[in-house]
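Q: I have a structure here, written as structure tokens, and I will follow up with some questions on it.
The values are calculated or read from the model by the stated rules, or taken from the named source; none is laboratory data. Computed from a prediction, not measured in an experiment: that's the story for all the values here. So basically every Cβ, Gly included, is an ideal-geometry build from the backbone, and we count neighbours across all protein chains shown. In case anyone asks, the SASA skips ligands and DNA or RNA and just uses the protein heavy atoms, side chains included. Shrake-Rupley method; radii C 1.70, N 1.55, O 1.52, S 1.80 Å.
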Amino acid sequence: MPRPASVFACSACGHESARWAGRCPACGEWNTLVEHVRPAGRPDGPARGRAAARPRAAAVTPVALADVEAVEHARLSTGIGELDAVLGGGLVPGSLVLLGGAPGIGKSTLTTMALANLCAAGRRTLYVSAEESAAQIRLRAQRLAGGDALAVPVIAETDLDTVLATLEQERPEVCVVDSVQTLHCAQLSSAAGSVAQVREVAAEIMHVAKRWRMAVLLVGHVTKEGALAGPRVLEHLVDCVLQFEGERERTYRTVRAVKNRFGSTNQAGVFEMRDDGLVEVLDASARFVAEATRSPGSVVLCAMEGSRPLLVEVQALVSSSELVPPRRVVSGLDRNRLALVLAVLGRHAGIGLGAADVFVNVVGGVRVDEPGADLAVALAVASAGRRTALTGDGGRPLACFGELGLTGELRTVAHADRRLAEARRFGLDPVIAPESHRTLRAALAESLSPRGGSRAEPAQAA
Ligand code: TYD
Ligand code: MG
């Protein structure tokens, strides 16, 4: 059967199908299938009938892993401790790192700062911008502390072939490509940013990077939902995928590894955006605890940022609503988890909020994407609803963590010991957690009861 002249590819996940559909059958995204014309004369994929005609290749002899020579290459330090830690100790020569994040989060700022440090350390660097003019990049560099950024060589170019030729000529040790979606390969008919383009751009850059052992930081944009748009098809190709998260209007941002061939994905770095660039926040817990309000609706959550515990304040506001259905607004948390927590509060703790607007917020723009935040959301909402402040011993903020089960039980979450240790570091002890309280009802009874200087034993509920 002749192959159709065009194919429909999903711009989110890269799935290809012969027919157009409103919704991608692979990832379920709407309106993402885009038609691509197959280049004429392109050889077809391996067809069953041709398998017999395929030339036979010579076999190779497998080797035991112990006999494989593995040279540990020196890493290139970006001079930004938090970024180096997330990378697993710095950039690996010849590797491709994809840095994804929403527009305005600070990707260009972070990569410029990294290049500035590398450049100051005597490394050959190159900043390829396909988004901004050289003058715009200079204006940003001028704002950054230290002034090293002005020494970084830049090119403002959108044509892939020109960029590849420049890389061959300059052979930088570290290169930033900002962004993978705005570079354009002239041989392909599709628009810049389409799946075919993004794939081609990344694959070509990878070849050059591997050949000359350049470390490349590819910047990629993400969709409103936080997924890497288009670049999702790159996740298999690159060695490391970093996600830059946080809210643009807020000061705190986190970088975490979602994939890392040269290190663990348990690391996360916290940054603060200032007038003169991004600054590492070395003890974020201390700041958030000191800033916690201790008013009704506020509680401290012992969260995990990768393998590092982080104390953050979760705030809730409950007010009577004129809307049907009432408002449910979350920031820094998963909206569906709030729906679940409200349902469990209503069903198992007698706190029904069907006629109230509920707002929940993680302070400082931190995003907490783990079920361990459930209990904090429940306690903050209950405290706001009852207009009772939650305070721990000695008037300090109350700390908690734990997942909520659908039957109202508290479920254990990973790294309980590290979370507890972090809370104790700030004198937030004891902590309301699945280790001491089995149900949400018990946790509420304990935390909403008026507390004096001494503390009652944790209530064990049935
Ligand atoms: P930018 O790095 O351009 O974001 P991205 O490349 O991810 O789109 O920077 C984002 C915002 O940060 C920008 O709106 C201005 C602000 N900013 C500062 O507050 N301080 C600074 O020193 C810099 C360079 C930017
Ligand atoms: Mg940018």
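Q: I'd like the full set of residues that are touching a Lys or Arg at 6+ places or on another chain (Cβ under 7 Å) and either among the basic types (Lys, Arg) or open to solvent by 10 Å² or more (accessible area, probe 1.4 Å) (or both), limited to segment 197-220.
A: 212
Q: Of everything in segment 143-182, what is open to solvent by 30 Å² or more (accessible area, probe 1.4 Å), within 16 Å of ligand 2 (Cβ to nearest atom) and not small (Gly, Ala, Ser)? Give them in sequence order.
A: Answer for segment 143-182, where residues must be open to solvent by 30 Å² or more (accessible area, probe 1.4 Å), within 16 Å of ligand 2 (Cβ to nearest atom) and not small (Gly, Ala, Ser): 143, 154, 155, 157, 158, 182.
Q: Something else: Taking the conditions exactly as written (within 28 Å of residue 268 (Cα to Cα), within 13 Å of ligand 1 (Cβ to nearest atom) and charged (D, E, K, R)), does residue 82 satisfy them or not?
A: No, not satisfied.
Q: Being within 14 Å of ligand 2 (Cβ to nearest atom) and open to solvent by 10 Å² or more (accessible area, probe 1.4 Å) narrows it down to one residue among 115, 110, 139; which is it?
A: Answer to the selection: 139.
Q: Which one of the conditions (1) touching a strand residue (DSSP E or B) at 6+ places or on another chain (Cβ under 9 Å); (2) farther than 25 Å from residue 102 by Cβ; (3) in a helix (DSSP H, G or I); (4) of a type in the set (D, E, K, R) does residue 347 fail to meet, given that it meets all the rest?
A: Unmet condition: (1).
Q: Among the strands (runs of 3 or more DSSP E) confined wholly to segment 224-339, which include 3 or more residues that are open to solvent by 30 Å² or more (accessible area, probe 1.4 Å) and assigned by TED's automatic domain parsing to the domain that holds residue 401?
A: In segment 224-339, the matching strands (runs of 3 or more DSSP E) lie at 308-320, 328-331.
Q: Could I ask something else about it? Count, please, the residues in segment 5-26 that happen to be open to solvent by 40 Å² or more (accessible area, probe 1.4 Å) and at pLDDT 80 or above.
A: Matching residues across segment 5-26 total 8.
Q: I'd like to know if segment 38-57 contains one or more residues that are at pLDDT below 80 and touching a strand residue (DSSP E or B) at 6+ places or on another chain (Cβ under 9 Å).
A: The answer is yes; a qualifying residue exists.
Q: Here's a follow-up. I'd like to know if segment 389-402 contains one or more residues that are closer than 22 Å to residue 319 by Cα, in contact with a strand residue (DSSP E or B) (Cβ under 7 Å, 6 or more places away or on another chain), in a loop (DSSP other than H, G, I, E, B) and in the same structural domain as residue 343 (by TED's automatic domain parsing).
A: yes
Q: Residues in segment 294-326 that are polar (S, T, N, Q) and in contact (Cβ under 8 Å) with a residue 60 or more places away in the chain: how many?
A: The total comes to 4.
Q: Among the numbered criteria (1) at pLDDT 90 or above; (2) not in a loop (DSSP other than H, G, I, E, B), which one does residue 364 miss?
A: Failed condition: (1).
Q: If you don't mind, another one. Residues in segment 85-100: is at least one within 16 Å of ligand 2 (Cβ to nearest atom), assigned by TED's automatic domain parsing to the domain that holds residue 180 and over 23 Å from residue 236 (Cβ atoms)?
A: no
Q: Also, quick follow-up: Before we move on, is residue 176 of a type in the set (Val, Ile, Thr) and at pLDDT 95 or above?
A: So residue 176 fits the description; yes.
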